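Data first, discussion second: the structure below is written as C-alpha cells.
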Amino acid sequence: MICLIHMFQQTEVALSQETESADSKKFYSFTLDGNIPEALKLASSDGVSLKQDVRDEFLKRFGGDKDQSEFLLQKNSPVSDLLVIYRDYWRRAFFGGDTGGSDLKLGLTRFFNTKYAAGLRSDSTLNDDELDLFVKRYVNENGMHTTGFGMTGKFYDLLIWKNQSDTTYHFSLNGKDISPKVVFMTDFVTLGWEEYATLGKYYPGGWATKEAIFCVKDAYDLGSENFLVSYLAHEGQHFEDYKLFPELSSTDLEYRAKLVELAMASRTLYRTISFFISNADSSSTNPHSAANYFVIRDLSRALFRRDFISEAEQWEGVPENIINKESALLLESNTLELLSIGREVKNYIRP
C-alpha cells in the first residue's frame, strides 16, 4: 500500500479561470490551504472585494456551529452517510479540532462496525489499513470507486466517483519517453476537502500512484496545454519520481513537478506563475502551498537575484523561453543533488 501521506500527489485545478480581485485571491489561498478561520474573517469583513454569492455561501457553510448550506443535498448518493462523517471531520479539522483524525477514525470504526458487524468494542478503533479496506469495500459495494482511506496534504480525504476508463499515453518528459497508464474518472460524488473548503472552485484534477496516473476528465480540454502540461507532465513527473525516489516527501515531489510545468508551459506560463505566487506559503503543511513558495523563490534567485518576486509585471518581462530554460536547469540540478544523497532521500528543500 502506498504511504498514506503519498496516497496521491495531486494536481489542483480551478472551476473557472476568470480574473479575480486581490481579496478573492487571498480568500481562495486561505481556503485552499484549509485555513478556514482566516478565510472566514475575510469573508465577514466590510469593504472586501468578494462576490456576494460566494460570501453568503461561505458563511452558510462555515459561519455557524453547523453547515447550513445545501452541500449534502447537492452531493446526495448511496454513500451520503459516509460523506457526512467526513464533512463533520473536515469542519472540525479546519478549525483546529481533530487534527490527528482520532475522532474521524473512531466515527468510521463505529460506522463500519454497524454496517459489517465487525464485533469490535465500542471504544476500539480500526487501524489505517483496516479503515482503507472498509472504505473501499463500502464504496465498491455501492457501485463506485474511491481512493480509500488516506490524506491529501494535512487532512484525511474522501474522493468517490462512479465511472472510469483507462488508456495509455506516450509522451516525452525531460527527454525521456514514458508511457503511463492514465485512468479517466467521471461522475464524482465528492472531490474531497479542497472542493468542500473552496465551495467547489478548486479540487484535485488528478493524481499519480506507482501504478497509474488518474485524471478527473471533466476538468480538462484534453487537447489543451492545461491538460498536456499542467496535468499530464506534472503527474508524469510524480509517476517517474515514485520509481526514482520512493521515499521523497510530498513537498519535494510537488517542487519537482511544478518545475516541470514551468519548464514546458507556453500559453499558460504566466498564469501558472501567478497562481503559484498567490498560493505560496513557506510555512504551510500543505505540500502544494510550500512547494509553490520554494519554486518561485528559487526561480526568482536564478532570474532576478532576489528571494521572491511577487509582481506579475516583472515575470511577464522575462521571455517564456528563458523561464522554461531556468526551470529545467533547476530541476536538473535538484535531480543531481538528490541522486548524490541517494535514492532513499526523504527531504531536501530547505527554507
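Computed from Cα atoms alone, the Kirkwood hydrodynamic radius reported for the chain is 21.1 Å. Taking a straight line from the alpha carbon of residue 201, these lysines sit under 22 Å away, with near neighbours fewer than eight places off in the same chain left out: 25, 26, 41, 51, 60, 66, 75, 154, 162, 217, 258. Between the beta carbons of residue 305 and residue 335, assuming R0 = 22 Å, the FRET efficiency works out to 0.40 to the nearest 0.05. Taking amide H as placed 1.01 Å from N in the peptide plane, the amide H of residue 126 sits under 5 Å from that of 109, each at least 5 places away or on another chain. One decimal place: the segment residue 56-residue 95 gains 12.1 nm when fully extended, by the rule 0.36 nm per residue minus the C-alpha distance.
The calculated FRET efficiency for residue 117 paired with residue 70, based on their beta-carbon distance and R0 = 35 Å, is about 0.55.
When the charge dipole of the chain is built from unit charges on Cβ atoms (+1 for Lys and Arg, -1 for Asp and Glu) and taken about the Cα centre, the candidate among 43, 249, 58 whose Cα reaches farthest toward its positive end is 249. Distance between the pseudo-spin-label points of residue 81 and residue 179 (7 Å out from Cα toward the beta carbon): 4.6 nm. Look at the Cα gyration tensor of the range 235-351: its axes a ≥ b ≥ c give a/c of at least 1.5 with a/b over b/c, and that counts as prolate.
Ignoring aspartates and glutamates fewer than eight residues from residue 210 along the same chain, the ones with Cα atoms less than 13 angstrom from its Cα are 235, 240, 241, 247. Counting only Cβ charges, +1 for Lys and Arg and -1 for Asp and Glu, the dipole size of the chain around its Cα centre is about 360 debye.
For residue 274 and residue 162, the FRET efficiency from 1/(1 + (r/R0)^6), where r spans their Cβ atoms and R0 equals 35 Å, is about 0.55. Computed per residue of the chain from DSSP H runs no shorter than four, each worth -39500 (n - 2.57), the mean residue ellipticity at 222 nm is -14500 deg cm²/dmol. Across the chain, the mean sequence separation of Cα contacts (distance under 8 Å, 6 or more residues apart), normalised by length, yields a relative contact order of 16 percent. Cross-link partners for residue 105 among the aspartates and glutamates, with Cα-Cα distance under 14 Å and sequence neighbours closer than 8 places in the same chain left out: 88, 123, 128, 129, 130, 132, 157.
Which one, 299, 155, 200, is farthest towards the positive end of the dipole of the chain when Lys and Arg carry +1 and Asp and Glu -1 on their Cβ? Of the candidates, 155 comes out farthest on the positive side.
Just so you know, all these numbers are worked out from the coordinates, no wet-lab data involved. Predicted model only: the values in this text are computed from it and were never measured. All Cβ positions, glycine included, derive from the backbone under ideal geometry; neighbour counts span all protein chains shown.
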